[in-house]
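K.L.:
Please read through the structure below; I'll follow up with questions.
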Amino acid sequence: MDRIRIIGGNELKGIIPISGAKNAALPLMIASLLTSDTLTLENVPHLADVEQLIRILGNHGVDISVNGRRERQGEGYSRTVHFTCRTIVDTTAPYELVSKMRASFWVIGPLLAREGHARVSLPGGCAIGTRPVDLFIEGLTALGASMEIDGGYINATAPKGGLIGARYTFPKVSVGATHVMLMAAALARGTTVIGNAAREPEVVDLADCLNAMGAKISGAGTSTITIEGVTSLSGARHRVLPDRIETGTYAMAVAMTGGDVTLEGTRADLLETALEAIRRSGADVTSTATGIRVVRNGGSIKPVDVVTDPFPGFPTDLQAQFMALMTRSTGVSHITETIFENRFMHVQELARLGAKISLSGQTAKIEGVERLRGAPVMATDLRASVSLVIAGLAAEGETMVNRVYHLDRGFERLEEKLTRCGAVVERVSD
Ligand code: EPZ
């Protein structure tokens, strides 16, 4: 199993190209199930989760071709992928596939909208919390579907003539359930109005792509989204938006190690709250013509409190990385996690590097220390793993991050991007 070996202590200097967003690419790929025409996605990141979803979509009948030519984009690369689902050959999403990646549950929306029925395995719990599916069930029921749980599966059936537009307000903000409602309502009869919708940029990206395919969606990016159903959708060409979590991760790495890095091909408006927290910690963060520049020269890291919240709040997917940064602050900071109930697995591992963190309920208290020292570490989810990489870059000596497959799920060419900026990072295969 691969590991990542880091020798800490170097500042980061240079350019890091930001990839297409994993969490935008996944729902966009699933949207290809809604049309028999070809959906072409540009800037698709090369990640384990994307490859896994390609396999899952293949099972439903999506024909996928990846452009052999790699498109040069600044210093980095992106891929253009064509998805064509002439006919849906299977409306069942089996346990073996859904259990590997929660987002694959989202196929329930397009399968139900296009075929009138779907049988999709319940995703089950996962490392960061229980993550139920009640909001999906309520939302699709509001569109007229009957939703039955049977043997670990949800059997979803649309009324004769298809789903029916409705007003539905989520009791809680959910990114995935908002994606699914957009896809299902796009082909419903009549108008759907979703209240308390997720406002994440990835929701806006999906709505933009669906509109390019002929959907009539307005209000994405606000809490109220209106969808006028259409009878069919066509193909389209769409570019996946830049990864705001990758952006924030590298910005926090620079804020921690010191240095001067331009994050290329990304946009500050995708993560203003997180960038503001980084600024308050003492780094300079500015927008440039090509992306975002992060500089910290010499000054100390100041303690900053953050609370995770749905967009535009501080993202839960950057909580672990910000905690890594705070371990070296000159005071005491508090980080409160409000989205997932069990997203503090990195705390124990950061402690192995010398961090002083105590937990009380959903709040972590971080007492900054003068130095971290390298150690073998391991984490059980993607963002927790990368927080250990960040800490390792700033620690003295060698840090070995085990279970690298978590990183490969969400960070494209991580070691190459960091090495080019002067870090000592290498992948070790046993
Ligand atoms: C998306 O997950 C992201 N995944 C997550 O990123 C991200 O952490 C999360 O949104 C929050 O921003 C993808 O986009 C692929 P939610 P999602 O539904 O849609 C509860 C990463 O590291 N909930 O917005 O699954 C849920 O338990 C991943 O890239 C219900 O109670 O998250 C959580 O507490 C991890 N009932 C809250 O809502 C439901 O039916 C928000 O979850 C659905 C969700």
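The values are calculated or read from the model by the stated rules, or taken from the named source; none is laboratory data. Here the structure is a predicted model, which is why all the values come from computation and not from measurement. The protein model used for the area step is the full one, side chains on, heavy atoms only, and it has no ligands, DNA or RNA in it. Shrake-Rupley method; radii C 1.70, N 1.55, O 1.52, S 1.80 Å.
K.L.:
Convex hull over the Cα atoms of the chain, averaged projected area in nm²? Mind showing how you got there, number by number?
P.N.:
Values: hull surface 75.6 nm².
With every direction weighted equally, the projected area is 18.9 nm².
K.L.:
Applying the Karplus parametrisation 6.51 cos²θ - 1.76 cosθ + 1.60 with θ = phi - 60° to the phi angles of the stretch 44-56, what ³J(HN,Hα) value in whole Hz is obtained for each residue in order, glycine and proline being reported as x?
P.N.:
7, x, 8, 9, 4, 5, 5, 5, 5, 5, 4, 5, 5
K.L.:
Next question, about the same structure. Find the accessible area per residue for the chain; the probe is 1.4 Å, ligands and nucleic acids are left out, and the unit is Å². List each step's numbers first, then the result.
P.N.:
Numbers: 15860 Å² over 430 residues.
Solvent-accessible surface per residue comes out at 37 Å².
K.L.:
Treating cross-link reach as a plain straight distance, find the lysines whose alpha-carbon is under 25 Å from the alpha-carbon of LYS365, omitting any fewer than eight places away in the same chain.
P.N.:
Partners found: LYS302, LYS356.
K.L.:
In the stretch 289-363, carbon and sulfur make up what percent of the accessible area (probe 1.4 Å)? Show your work: numbers first, answer last.
P.N.:
Details: 1550 of 3020 Å².
Roughly 51 percent of what the probe reaches on the stretch 289-363 is carbon or sulfur.
K.L.:
Quick one: Cα centre-to-centre distance for the stretch 251-329 and the stretch 354-404, in angstrom?
P.N.:
That distance is 17 Å.
K.L.:
Here is a follow-up. For helix 244-257, report the angle its Cα long axis makes with the longest principal axis of the Cα atoms of the chain; keep it between 0 and 90° and round to the nearest 10°.
P.N.:
0
K.L.:
How big is D, in µm² s⁻¹, for the stretch 164-234 by Stokes-Einstein at 37 °C and 0.692 mPa s if Rh is the Kirkwood radius over C-alpha pairs?
P.N.:
Numbers: Rh = 11.5 Å.
Reported coefficient: 286 µm²/s.
K.L.:
Ignoring ligands, DNA and RNA, what percent of the 1.4 Å accessible area of the stretch 197-262 is carbon and sulfur? Present the calculation step by step, with values, prior to reporting the outcome.
P.N.:
Working: 810 of 1870 Å².
The nonpolar share, carbon plus sulfur, comes to 43 percent.
K.L.:
Given 10 °C and 1.306 mPa s, compute D for the stretch 336-430 with the Stokes-Einstein relation, Rh being the Kirkwood radius over Cα pairs; round to the nearest whole µm²/s. Provide the component values of the computation, followed by the final result.
P.N.:
Values: Rh = 14.1 Å.
My calculation gives 113 µm²/s for D.
K.L.:
Report, by chain and number, residues whose modeled amide H sits under 5 Å from the one on ARG237, excluding near sequence neighbours (fewer than 5 apart, same chain).
P.N.:
Placed amide hydrogens put THR40 under 5 Å from ARG237.
K.L.:
Just read off the accessible area of THR338 with the full protein assembly in place, 1.4 Å probe, to the nearest 10 Å².
P.N.:
About 70 Å², ignoring ligands and nucleic acids.
K.L.:
Calculated from DSSP H runs of 4 or more alone, at -39500 (n - 2.57) each and per residue, what is the 222 nm mean residue ellipticity of the chain, nearest 500?
P.N.:
Values: 14 runs with 131 residues, N = 430.
Taking each H run of at least 4 residues, the total per residue is -8500 deg cm²/dmol.
K.L.:
Just to check I understand the Karplus step: with θ = phi - 60° and J = 6.51 cos²θ - 1.76 cosθ + 1.60, what whole-Hz values come out for the stretch 111-123, glycine and proline as x?
P.N.:
4, 5, 5, 8, 9, x, 7, 7, 10, 10, 5, 5, x
K.L.:
Another question about this same structure. Starting at the first residue of the stretch 385-390, write each ³J(HN,Hα) from the Karplus equation 6.51 cos²θ - 1.76 cosθ + 1.60 with θ = phi - 60°, in whole Hz, x for Gly and Pro.
P.N.:
Listing the rounded values in order: 4, 6, 5, 6, 5, 4 Hz.
K.L.:
Going Cα to Cα from LYS22, which lysines come in below 26 Å? Please leave out same-chain ones fewer than 8 positions away.
P.N.:
Cross-link targets: LYS13, LYS100, LYS172, LYS216, LYS417.
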